[in-house]
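Each remark here refers to the structure printed beneath this line.
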Amino acid sequence: MMVNKKQLTIRFHVDDVLASHMEQRVLEDFFSWINERYGGLKEVTCTRGRVHTYLGMTLDYSKKGKLKIRMDDYVQRMLDEFSVKLKEDDKQETPAGKVF
């Protein structure tokens, strides 16, 4: 959706919301509206900054025009729960196995 001729992007996933816009006031208005509408269930909070965690991902907007997405913590939790422990030399350059 365009607001003030700039893209307002809103992403919902169950009870998580991620919104972005170039103007802080637009985001403040959006979060005020969403709290008026749904805040009675649970307050909707806003986190500002260049690095965010969302749905197991770390979203890093530190470099202008770039987005770095990492899932280190999520992958580590999977490895910790995985019944087979991987060793350092178990890395692959591609998803294909060594004998492919």
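Here, each number is a calculation from the coordinates, and none is a lab measurement. Fair warning: this is a prediction, and the values are worked out from it, not measured in the lab. Cβ sites come from the backbone with ideal geometry, for glycine too, and all protein chains shown count toward neighbours.
Summary table
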| read-out | value |
| --- | --- |
| Protection proxy ranking of 78-90, 23-35 - average other beta-carbon atoms within 10 Å, highest first | 23-35, 78-90 |
| Rounded to 10°, Cα long-axis angle of helix 24-38 versus longest principal axis of the chain | 90 |
| Too-long pairs where the Cα-Cα distance tops 24 Å, listed order kept, from Lys5/Lys64; Lys5/Lys66; Lys63/Lys87; Lys66/Lys91; Lys6/Lys66 | Lys63/Lys87; Lys66/Lys91 |
| Within the chain: Cβ-based charge dipole about Cα centre, in debye rounded to nearest 20 (Lys, Arg +1; Asp, Glu -1) | 520 |
| Degrees between helix 72-81 axis and first principal axis of the chain (Cα, 0 to 90, nearest 10) | 50 |
| Dipole of the range 1-48 [Lys/Arg +1, Asp/Glu -1 at C-beta], most positive-end residue of Asn4, Gly39, Leu18 | Asn4 |
| The range 1-48, relative contact order [Cα under 8 Å, separation at least 6], % | 21 |
| R0 of 41 Å, Cβ-Cβ distance Val3-Arg77: FRET efficiency to nearest 0.05 | 0.65 |
| Most mobile of Tyr54, Tyr38, Tyr74 in a GNM of the chain (Cα contacts under 10 Å) | Tyr38 |
| For volume of the Cα convex hull per residue in Å³, calculated from these coordinates, the label among (i) 181; (ii) 118; (iii) 149 | (i) |
